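The values are calculated or read from the model by the stated rules, or taken from the named source; none is laboratory data. Since we're looking at a predicted model, the values are computed, not measured. Cβ coordinates were reconstructed from backbone atoms using ideal geometry, including for glycine residues, and neighbour counts include every protein chain displayed. What goes into the accessible areas is simple: the full protein's heavy atoms, side chains included, and nothing from ligands, DNA or RNA. Shrake-Rupley method; radii C 1.70, N 1.55, O 1.52, S 1.80 Å.
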Amino acid sequence: MQQVIEGYRQVAPAMRAEGDTVVLDANGVYYQQLNEAIRSAVSAGARNIRIENANGQRYIGAGLRARDLRIEVHGTAGNDLASFMDGPTVEVFGNAQDGVGNTMASGKVVVHGDAGDVLGYGMRGGRVYVRGDVGYRVGIHMKAYESLVPVVVCGGKARDFFGEYMAGGVLVLLGMNTQFPGDPIAGSFLGTGMHGGVIYVRGDVEPWQCGKEVGVAEASDADMAELRPILEDYCAALGLDLDEVLAQPFTRIVPVSHRPYGKLYAYL
Amino acid sequence: MPATFIQPEFRVKIDYDKCHKCGRCVQQCGWGVYDFNERPIPHDEKCRACHRCVTFCPARCITIERNPLAYRDNENWSAPLRKAVWKQAETGGVLLTSMGNPQPYPRIFDHLLLDACQVTNPSIDPLREPMELRTYLGRKPDAVTVEPDGQGGFRLAEGGGVSRNIELATPIIFSPMSYGSVSLNVHKSLAMAAERCGILMNTGEGGLHEDLYPYQDHVIVQVASGRFGVGPEYLQRGAAIEIKIGQGAKPGIGGHLPGEKINKEVSSTRMIPQGTDAISPAPHHDIYSIEDLRQLIYALKEASGYKPVGVKIAAVHNVGAIASGIVRAGADYVYLDGFRGGTGAAPAVIRDHVGIPIEIAIAVVDQRLRDEGIRNQASIVAAGSIRSSADVAKAIALGADVVAIGTAALVALGCHVCQSCHTGSCSWGITTQKPELTRRIDPEWGAERVSNLVHAWSHELQEILGALGVNAIESLRGSRERLRSIGLDEQTNRILGVKPAGM
Ligand code: SF4
Ligand code: SF4
């Protein structure tokens, strides 16, 4: 008997091979069966997987660890895409929903459309590139450790709490490919509670947008030297023009202290 | 003006006639109480009454007394309240403290008594008869399907409905205490003890040090809002995964490990730079609803190959409804932490004034889940000041499946509940990262002591079950009929589902 959950059938997706690529048809398939099929293809040795007709299935790529694995998603990737992922590359030809790269350890996610809220939450390594807009709470509590430095580049605009509690890594906001030309590039509370890492914004941000824990300045030549290779890679991944991205000066936002609450307490 | 108006809480007295002038007290004290000038000279104001010097003094010539300084009586303005005001007037800071709530709120466990058999229903001698403490942590099926095994018996049918449970030899596990708040040697002691006792330890939110990998089948790995040390490998190593929403000592408050405690090893386990504060935000920023919680539960299941996932919350006013939501979100267990639960550091105002007792929380959650017909879908783990095997038995009779112990395990390791863990200078080498202090706990010795405690409590539980005339802990679970209360009001009795003694 076939069970239907939230409109999805609990059946394995149709699978076929095209050269060395495993192609999965996600049409109407529940996420558990889809991800199960991905995992068994990976353990059978597949290193190129293409998912067609994705329609909001969650957790694609979650917890996968094969470094040479490539997953293409055609359609809309559901929540928590690439969460806890450590190594693979995921490319979405469409939009992604909330929680992209949640607690991701390494690897790469490229989204050719827009993405939703809480992108890159607790991310500790790897890269997430989004061509268009992102939602609220993006880059919260990203952190870096030694050679592990997470990088998130958002090509459109962001909502409130961009980079809140940020503890490490690089978070970049370009404000270019946006559906909201009239809106400010970021919402309020940018970098609130930030205590590590750096945020680059193409253009200016107003003081009211920023948390009190950050300092704001125009990016120096040295900063741009750090940023340039990231943007090169971003433009290459999404087929964008680097010169156009660099045509405007960038603003650099860093924490004033890496111990923002160090003086808050008195010990009993 | 003197630097402070606050007078020392304790007085350290040395009987110099007996003193060997050996200097051991100087070396043992983590808080630098002693100077040495031909003989030890104590500075009372630094003493935290942890008794490390007293325990190690070969001449037994040290006594620690309460400073008898009288304050003009005032039940309303107690001496601690006056001191707190002075402290805040001096510093302007939030008062930080540690361990569980010490305030004189009623302790409900101490108002509950267990039943025993007399004459008509014989008790059982646990020394001669099997007495089952084995407990399974996790979701139980609504129904199972069985098929004949071909030898006259039955076996579980293929896909018969049983989900992954963790077998515990006794219904006691260790509560989450992070590496960072406690030392690595404490983590090792607990992990080794968990393996020996057939139970579980819990990483807390500070990641899993590789020295604990050999014990990973006995480790719950925790995922908190700071996501420290969390990666796919971490999730795949644990026996179960726990989402930390809250803690009984500080409901609604995030975690904050001060930069001083983030040394090299802690930093590599947490995967954050040395010396930065490890800040766990108060909420998980990807959880704003039960639906979001469900999303994280299943993200963790997907990333770990469908390990059991539990959710830890502080016991707060609306705990019944919250627990129901957690179970419906797909949690395999709900971990309830009462308002007396311990902490490595918390603002005193929160620790002392927020939350509800664990006894009430267990009863309310158990009842709510039963009323909704979903009690089988998740185990209840209860914590927040389980001080003895009697508390374990009472918690289980109220409806818990398993209890978790934190402070009790630390006391087994030498903790004297001096409430100074937040200073990072624990003389007993427990809640510190200073190498000269952490080496005071040898993991082998620690594992032995903690295992002894768990074994002793387990034997006592068997005695209690025998007296109750049952031969399995399952028979006591949720059996509130075997409890009576004394000195509790009618309303509390009703909430607990317990009759007063005599009824
Ligand atoms: S440890 Fe005891 S005997 Fe040794 S110096 Fe201190 S008080 Fe004297
Ligand atoms: S762990 Fe150490 S500092 Fe904390 S209460 Fe126990 S003895 Fe005191």
message = For the condition more than 14 Å from chain A (Cβ to nearest Cβ), touching a helix residue (DSSP H, G or I) at 6+ places or on another chain (Cβ under 7 Å) and charged (D, E, K, R), what is the one hit in B:Glu210, B:Glu195?
response = B:Glu195
query = What are the residues in segment B:368-388 that are touching a helix residue (DSSP H, G or I) at 6+ places or on another chain (Cβ under 9 Å) and assigned to a loop (DSSP other than H, G, I, E, B), if any?
reply = B:Glu372, B:Ile374, B:Ala378, B:Gly384, B:Ser385, B:Ile386, B:Arg387, B:Ser388
note = In segment A:21-34, anything assigned to a loop (DSSP other than H, G, I, E, B) and open to solvent by 10 Å² or more (accessible area, probe 1.4 Å) is listed as A:Asn27, A:Gly28, A:Tyr30
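Would you check if B:Ser458 is polar (S, T, N, Q), in a helix (DSSP H, G or I), more than 30 Å from B:Asn121 (Cα to Cα) and more than 16 Å from ligand 1 (Cβ to nearest atom)? Even if it seems obvious, please write down each step before you answer.
Working: polar (S, T, N, Q): yes; in a helix (DSSP H, G or I): yes; more than 30 Å from B:Asn121 (Cα to Cα): no; more than 16 Å from ligand 1 (Cβ to nearest atom): yes.
The answer is no for B:Ser458.
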request  = Run B:Lys250 past the list (1) more than 12 Å from chain A (Cβ to nearest Cβ); (2) closer than 28 Å to A:Gly61 by Cβ and report the number of the one that doesn't hold.
outcome  = (2)
request  = Please name all residue pairs, on different chains or six or more residues apart, with Cβ atoms under 7 Å, provided the first residue is in segment B:13-26 and is within 16 Å of ligand 2 (Cβ to nearest atom) and the second residue is open to solvent by 50 Å² or more (accessible area, probe 1.4 Å).
outcome  = none
inquiry  = Testing B:Tyr288 on (1) over 19 Å from B:Gly207 (Cα atoms); (2) of a type in the set (Ser, Thr, Tyr); (3) facing chain A (nearest Cβ under 8 Å), one condition comes back false. Which one is that?
reply    = (3)
query = Hey, does segment B:401-423 have a residue that's in contact (Cβ under 8 Å) with a residue 40 or more places away in the chain, away from ligand 2 (no atom under 16 Å from the Cβ), on the phi < 0 side of the Ramachandran plot and open to solvent by 30 Å² or more (accessible area, probe 1.4 Å)?
reply = no
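For segment B:389-455, which helices (runs of 4 or more DSSP H) that fit wholly inside it have 3 or more residues that are of a type in the set (D, E, K, R) and within 14 Å of the chain's Cα centre (by Cα)? If you could, list the steps in order and put the result at the bottom.
Values: elements: B:389-398, B:407-412, B:435-438.
So the answer is none; nothing clears 3.
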query = Just for segment B:286-342: of the residues that are at pLDDT below 95 and at positive phi, which one is most open to solvent (accessible area, probe 1.4 Å)?
reply = B:Tyr306
key: Count of residues meeting criterion [surrounded by fewer than 24 Cβ atoms within 10 Å (Cβ to Cβ), among the charged types (D, E, K, R) and within 11 Å of chain B (Cβ to nearest Cβ)] in segment A:35-85   = 4
note = Residue hits (segment B:52-66; within 13 Å of ligand 2 (Cβ to nearest atom) and surrounded by 16 or more Cβ atoms within 10 Å (Cβ to Cβ)) are B:Arg52, B:Cys53, B:Val54
ask   = If a residue has to be of a type in the set (Val, Ile, Thr) and in contact with a Cys (Cβ under 6 Å, 6 or more places away or on another chain) to count, how many in segment B:54-92 make the cut?
value = 1
key: Restricting segment B:95-134 to residues that are surrounded by 19 or more Cβ atoms within 10 Å (Cβ to Cβ) and among the hydroxyl-bearing types (Ser, Thr, Tyr), the residue that is farthest from B:Ser485 (Cα to Cα)   = B:Thr97
key: Test set (1) assigned to a loop (DSSP other than H, G, I, E, B); (2) open to solvent by 40 Å² or more (accessible area, probe 1.4 Å); (3) at the interface with chain A (Cβ under 8 Å from one of its Cβ atoms) - B:Ser268 fails condition number   = (1)
task = Run down A:Ala219, A:Ala237 and say which single residue is out of contact with any His (no Cβ under 7 Å at 6 or more places or on another chain), without any contact (Cβ under 8 Å) to a residue 40 or more places away in the chain and not aromatic (Phe, Trp, Tyr).
result = A:Ala219
ask   = Only one residue in A:Val90, A:Val100 is modelled with pLDDT of 95 or more, under 23 Å from A:Ile140 (Cβ atoms) and away from chain B (no Cβ under 13 Å), so which one is that?
value = A:Val90
